Amino acid sequence: MGREAYISGVGISEVGVRLTRSPLGLTMDAIKEAIDDAGLTFDQIDGVSTYPGKMQTFMGFSPIGVDEVIEACGLKTRWHTGAAEATAQLGAIADAAAAVRSGLARHVICFRTVYEAAAMVRPEEFPPLERRKDVTGNSQWVSPFGAFSAACWTAQFAMRHMKRYGMTREQLAQVAINDHRNAALNPRAIVREPLTMDTYMAARLISTPFCLYDCDRFTDASTVVIVSAGDALDEVTATPIRIAATAGSCERYSWDQAEWAAAYPTGRDLWKNTDYTAKDLDTVQLYDGFAFQPITWLEGLGICEVGEGHKFIEGGTRIALDGELPMNTGGGQLGWGRLHGFGYAYESVVQLRGQGGARQIKGEPKLAVATSGGGPMAAALLLARD
Amino acid sequence: MKWQRSRIRLDKDNRAFWTGGAEAKLNIHKCNDCGGFNHPPREFCRHCQSENVAPFAVSGAGVIDTYTVNHQKWAPDMEVPFVIARVRLDDAPGVYLTTNIINSPVDSVDIDDKVQVVFEEQDGIWYPLFEKVA
């Protein structure tokens, strides 16, 4: 147990659009909730990890860095990281797990704070990412062609699935419909109402096959996970959830040079690091910034064959709360809000502890997967209740 | 589709790609040691780590690997809808280009369509676009 890593506490701030509470305020709300949940105090925390770290040029995307958390919480840390170049969002939690397993820290605050909706209406405080006159780096290969948004990049993978494997918009719609249905049962989610197929099909198109409901929207929130070492669990009062395996991969760094989304190699790698198999999963929490991404994760994780993900979710019954493999039970990013990866870890813990309230899945779930990333880099966590 | 395209900051690695259109050339970095193609263009060959890489004019023929019809006006002067595509080049194995398919109705574009490069110049940058081959 000494070489195991656990999630010992979770917390989340108010989740909303154009919130007035400061980003540090939201972050502290989520941290305090997670610390209380774990039964820890600030003097027991000795590590901090975040994705991607404070981005001065793009404040809404990531307004809070490790430094502000160390200062605001009065921490004395022995290990911290904040890395835009980690293996996608949940890589920050995977890195914390590695740190506690190797004895570098005992209890690590992992956080992701987003403030994109508020930043848009307060540009003086949070300057937008400047659409520079001269582009450089990776954006030069896509933005001159109007492909500014990841919606356009991801849509092309989705279109390939339609043409090559026969995916339909009605099948794709199940991701958003499932998200809305679950979000309506989650008192902290932004979406409050279910979504009908008719409303979905009538929505305006963004970038085919994606319509408005297939794309997450700017959100203000902070999500926190406390990662603790196995030999420090005697200090924790909550039910700990073991981080049974992690994976993170990148085969091409450019969105448009990768043959497949990184969900495929990452999903395969996750099972190489554990004795569990995909058949052991009780629930899946799959990145859905865009509705097509859970389909790639279902295929990448080997839950179904490549080219079959849209058939797996067809009709929506299999992935519903009372289905054989409940998916995105908290509402995902299309329903809960754009928590940017950390929401999937949070919701896995809630479900494995049986704390989901109206959205709690039946039985006693023992194993969940949380994933993040929809492009050429991705990270996944396998989470177990022992 | 006449919006002001993003201007490119030219450097030693990308200059041949973005200005080759002036001579009607689609330049892709090629390794003179192993023969592998490299895109985006960089100082090292990603296949054999040689530094002996240089721009090489390919034919400009390709196939639509995948695409999307973009309906969202991401910029105020953008005319929608238009096609964003990923083109697989015939004679540069492993290289894809994100581009636009022009001079065809958006609903006539499909995966596996054969396409040929055409250049659109704005302020000294030659953007490689593609059109369908009859």
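What follows draws every value from the coordinates through simple rules; no lab data is involved. Worth saying up front: this structure is predicted, and the values here are computed from it rather than measured. Cβ sites come from the backbone with ideal geometry, for glycine too, and all protein chains shown count toward neighbours.
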Just going by the charge dipole of chain A, with Lys and Arg at +1 and Asp and Glu at -1 on Cβ, which of A:A245, A:P128, A:H161 is farthest out on the positive end? A:H161
Two pseudo-spin positions, 7 Å from Cα along C-beta at B:R42 and at A:D234, lie apart in nanometres by 4.9 nm
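If neighbour count is taken as other Cβ atoms inside 10 Å, put A:T296, A:T57 in order from fewest to most.
Ordered from fewest to most neighbouring Cβ atoms within 10 Å, A:T296, A:T57 come out as A:T57, A:T296.
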For the stretch A:312-386, the fraction of alpha-carbon pairs in successive 5 Å shells from zero, as %: 3, 15, 25, 26, 21, 8, 1, 0
Can you give the convex hull volume per residue for the Cα atoms of the protein assembly as shown, as a whole number of Å³? 147 Å³
A correct Karplus calculation of ³J(HN,Hα) over the stretch A:62-68, with 6.51 cos²θ - 1.76 cosθ + 1.60, θ = phi - 60°, whole Hz and x for Gly and Pro, returns 7, x, 10, x, 4, 4, 5
For A:A245, which sequence-distant residues (separation of 5 or more, or a different chain) have an amide H within less than 5 Å of its own amide H, given hydrogens modelled in the peptide plane? A:L382
Restricting things to alpha carbons, tell me how big the stretch B:15-132 is in terms of Rg and Dmax, in Å. 15.1, 46
What does the structure give for B:3-10 when I average, per residue, the other chain Cβ atoms found within 10 Å of the residue Cβ? 6
With a point put 7 Å past each Cα toward its Cβ, work out how far A:T274 is from A:E308 in nm, to one decimal. 2.0 nm
Find the relative contact order for chain A and round it to a whole percent, using C-alpha pairs within less than 8 Å whose residues are 6+ positions apart. 24 percent
Helix-only CD estimate at 222 nm, as mean residue ellipticity for chain A, using -39500 (n - 2.57) per DSSP H run (n ≥ 4): -8500 deg cm²/dmol
Would you mind calculating the gained length between A:S254 and A:R78 on full extension (0.36 nm times residue separation, minus the Cα-Cα distance), in nm to one decimal? 59.9 nm
Quick note on B:S108, A:S249, ordering by fewest other C-beta atoms within 10 Å, gives B:S108, A:S249
Determine the relative contact order of chain B: mean sequence separation of Cα pairs under 8 Å and six or more apart, normalised by residue count, in whole percent. 23 percent
